[in-house]
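Read the structure below first, then the notes.
The values are calculated or read from the model by the stated rules, or taken from the named source; none is laboratory data. Remember, predicted model here, so these are calculated numbers, not experimental data. In this analysis, Cβ positions are derived from the backbone assuming ideal geometry, glycine residues included, and neighbour counts consider all displayed protein chains.
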Amino acid sequence: MFRITSKGQVTIPKAVRDKMGLVPGIEVTFEWDGKYFRLNKPARPGNIDRWKGALKLKDRVDAFVDGMRGEL
C-alpha cells in the first residue's frame, strides 16, 4: 500500500526502482489499460539511434549518384 502526498507524489520502493532501472531525473509515463495503471520508462536508444547523424555521407552519396547517372 502506498500513500499519496498532498502534491500527488508517490514514493516508488527502491527494489522496484532498481529492477526497472529508474534513476533520479528520468521521465516516465503512466498508461491506463482500463483496469490497471502501468508505469513505463522510455526505451533506451538503440545503436542506430545513438549514431544517427554522426556520419556526414550526403556529399559522398550525391557524388556517387551523379557519377552513376553520368555513366548511363
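Are there any pairs with C-beta distances below 6 angstrom linking a residue in the stretch 14-36 that is without any contact (Cβ under 8 Å) to a residue 60 or more places away in the chain and part of a loop (DSSP other than H, G, I, E, B) to a residue that is exposed (fewer than 10 other Cβ atoms within 10 Å of the Cβ) and among the small types (Gly, Ala, Ser), with the two at least 6 apart or on different chains, and if so which?
Listed by first residue and then by second, the contacts come to nothing, as the list is empty.
Out of the residues in the stretch 33-65 that are closer than 22 Å to residue 18 by Cβ and at pLDDT 75 or above, which is surrounded by the fewest Cβ atoms within 10 Å (Cβ to Cβ)?
Per the criteria, the residue is 36.
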